[in-house]
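Asker: Supplied in structure tokens, the structure appears directly below.
The values are calculated or read from the model by the stated rules, or taken from the named source; none is laboratory data. Everything numeric here is computed off the predicted structure, so don't read it as measured data. Cβ placement follows ideal geometry from the backbone for every residue including glycine, while neighbour counts extend to all protein chains displayed. Areas reflect the complete protein model, heavy atoms only, side chains present, ligands, DNA and RNA absent. Shrake-Rupley method; radii C 1.70, N 1.55, O 1.52, S 1.80 Å.
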Amino acid sequence: QVQLVESGGGLVQAGDSLRLSCAASGRTFGFTHMGWFRQAPGKEREFLAAIRWNDRSTIYADSVKGRFTISRHNVVYTVYLQMNSLQAEDTAVYYCAARRAGVRPPDSDDYSHWGQGTQVTVSS
């Protein structure tokens, strides 16, 4: 089985930075992409960023482009999300996800494995 565990969430002030981590374990062979999503109270889950494992190419949602950076560990299936200039509207539960070959593109929610999420709260 596959397990994704996020860490690094917390309470920060507006303008601060935070780095989230997501470690994948278990049957991780064949993952093509890992991504980050978030869900704020009363809102739908939102795609943030994804990284393709073999060449590290990345895609971002327009809402976070230039502020958030996704990266991965050189060896193990671990991804990071560096978040800068956080604002109150970034408050949400942040989820990590992983997929093998999907039907829909990697900026959709077509991911087969999801973490439990980590809370990020930005106070203004």
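Asker: Could you please find all residues in the stretch 17-29 being in contact (Cβ under 8 Å) with a residue 24 or more places away in the chain and over 18 Å from residue 48 (Cα atoms)?
Answerer: Hits for the stretch 17-29 are 24, 25, 26, 27, 28.
Asker: Run residue 117 past the list (1) open to solvent by 20 Å² or more (accessible area, probe 1.4 Å); (2) more than 12 Å from the chain's Cα centre (by Cα) and report the number of the one that doesn't hold.
Answerer: (2)
Asker: Looking at this structure, is residue 102 open to solvent by less than 70 Å² (accessible area, probe 1.4 Å) and under 14 Å from the mean Cα position of the chain (by Cα)?
Answerer: no
Asker: While we're looking at this one, here's another question. Can you name the condition, by its number, that residue 107 falls short on among (1) closer than 19 Å to residue 42 by Cα; (2) part of a loop (DSSP other than H, G, I, E, B)?
Answerer: For residue 107, the exception is condition (1).
Asker: Follow-up. Going through the stretch 53-68 one residue at a time, which ones are touching a residue at least 12 places away in the same chain (Cβ under 8 Å) and open to solvent by 70 Å² or more (accessible area, probe 1.4 Å)?
Answerer: Correct list: 54, 56.
Asker: Being under 14 Å from residue 18 (Cα atoms) and touching a Leu at 6+ places or on another chain (Cβ under 9 Å) is the filter here; which residues of the stretch 91-120 pass it? Lay out the reasoning, then the answer.
Answerer: Residues of the stretch 91-120 that are under 14 Å from residue 18 (Cα atoms), as a first pass: 91-94, 118-120.
Those that are under 14 Å from residue 18 (Cα atoms) and touching a Leu at 6+ places or on another chain (Cβ under 9 Å): 94, 118, 119, 120.
Asker: Sticking with this structure for a sec: Only one residue in 75, 5, 12 is out of contact with any Pro (no Cβ under 7 Å at 6 or more places or on another chain) and without any contact (Cβ under 8 Å) to a residue 40 or more places away in the chain, so which one is that?
Answerer: 75
Asker: Among the residues of the stretch 1-43, how many are open to solvent by less than 50 Å² (accessible area, probe 1.4 Å) and in a strand (DSSP E or B)?
Answerer: Residues in the stretch 1-43 being open to solvent by less than 50 Å² (accessible area, probe 1.4 Å) and in a strand (DSSP E or B): 17 in total.
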